[in-house]
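Below is one structure; the comments refer to it alone.
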Amino acid sequence: MPLRIMVSRHSAFYSPLISTIVAGFLEKQGLSGAYSILGAGQRSSVLLREGTVDIMQSAVSSNWKPIEAGEAPLPVHFAQINRRDGFFLVAREPDPAFHWKKLEGKSLVADHGGQPLAMLRYAIRTNGVDWRRIHAIDAGSPEEMQRAFHQNGADYIHLQSPASHQLEAEGGGHIVASVGESMPPVAFSSLCCARDFLGTATFRSFLEAFREAREWVRSASPAEVAQKEAGFFPGIAVEVLAASIRRYQALGCWEGGVEIPRDLYEQSLNVFESAGEIKRRHPYDEVCAA
């Protein structure tokens, strides 16, 4: 039976996980994987608890509000995918001299998902910008955001890649800033599972496959990675996908080992604490596999 692997979002940002499946790393461990995307109304913690999914791409921050609500059991986060935010600001007009202050007085179609918005607001504040002076538009899903950007004349849009790079390739916008580059490294996205899956032989084999895939994606030619992943991104030219991977490599999103560093976990707490999104600082061992 293939490992049931689900992602909360589908993006080139999660190339280490996608390549675990498509580049032969699971097969090397005697495993196979089925890939799916979290649907509207679904909750990763419930799917893992019910045994519907084996491995979930999520974030350490996804545990904090459920902990505060008394929900249990919750997933355990065991491996880091990205140590940087993976969103970009795309401007309607080219601006090689962009700085964050230029957002004040402008309209921004912003991703209002819990973590993307908290990270964006943190980066904005870190760069001396007053969020209240930005006209932030909540247009819904990333697809709805792009439709709104095309239709309503907003000045900027906030997207992961390859959507950001595809928009640029089509001449519909110009990437002017990386959110991840504009703030400290952080425990942004991770892999989690049910605690009773942790430590099984299948888990150990998967973790080794992911470890090798992440290192390969970090260091391989972007064109080679893009060729392997192309089937997962219909409608995206291989050259655009390669540009996305190249940018994430350059940002250092996949540097370091697969363990979730405690200092980056603490930085993620800093982001959510500054946004007023958590009531207390949750200990590392409450959320992550030590």
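The values are calculated or read from the model by the stated rules, or taken from the named source; none is laboratory data. These figures come from a predicted structure and were not determined experimentally. Here Cβ is always computed from backbone atoms with ideal geometry, including for glycine, and neighbour counts include all displayed protein chains. What goes into the accessible areas is simple: the full protein's heavy atoms, side chains included, and nothing from ligands, DNA or RNA. Shrake-Rupley method; radii C 1.70, N 1.55, O 1.52, S 1.80 Å.
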query: Which of the following residues is buried (at least 23 other Cβ atoms within 10 Å of the Cβ), part of a loop (DSSP other than H, G, I, E, B) and in contact with a helix residue (DSSP H, G or I) (Cβ under 6 Å, 6 or more places away or on another chain): Val258, Val186, Val271?
result: Val186
task: May I ask you to list the residues in region 44-100 that are part of a helix (DSSP H, G or I), open to solvent by 40 Å² or more (accessible area, probe 1.4 Å), farther than 16 Å from Ser268 by Cα and in contact (Cβ under 8 Å) with a residue 12 or more places away in the chain?
output: Arg49, Glu68
- prompt: Only one residue in Glu224, Glu212 is within 16 Å of Thr20 (Cβ to Cβ) and free of Cβ contacts under 8 Å to residues at least 24 places away in the same chain. Which one?
  reply: Glu224
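Return yes when His165 is under 22 Å from the mean Cα position of the chain (by Cα), surrounded by 23 or more Cβ atoms within 10 Å (Cβ to Cβ), not in a helix (DSSP H, G or I) and not hydrophobic (A, V, I, L, M, F, W, C) and no when it is not.
no
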message: Among the listed residues Ala12, Ala91, Ala34, Ala110, identify the single one that is closer than 27 Å to Pro234 by Cα, hydrophobic (A, V, I, L, M, F, W, C) and in contact with a Lys or Arg (Cβ under 6 Å, 6 or more places away or on another chain).
response: Ala34
Residue among Lys65, Lys28, Lys101, Lys106 that alone is at negative phi and touching a helix residue (DSSP H, G or I) at 6+ places or on another chain (Cβ under 7 Å): Lys28
query: How many of the residues making up region 23-42 are surrounded by 13 or more Cβ atoms within 10 Å (Cβ to Cβ) and assigned to a loop (DSSP other than H, G, I, E, B)?
result: 6
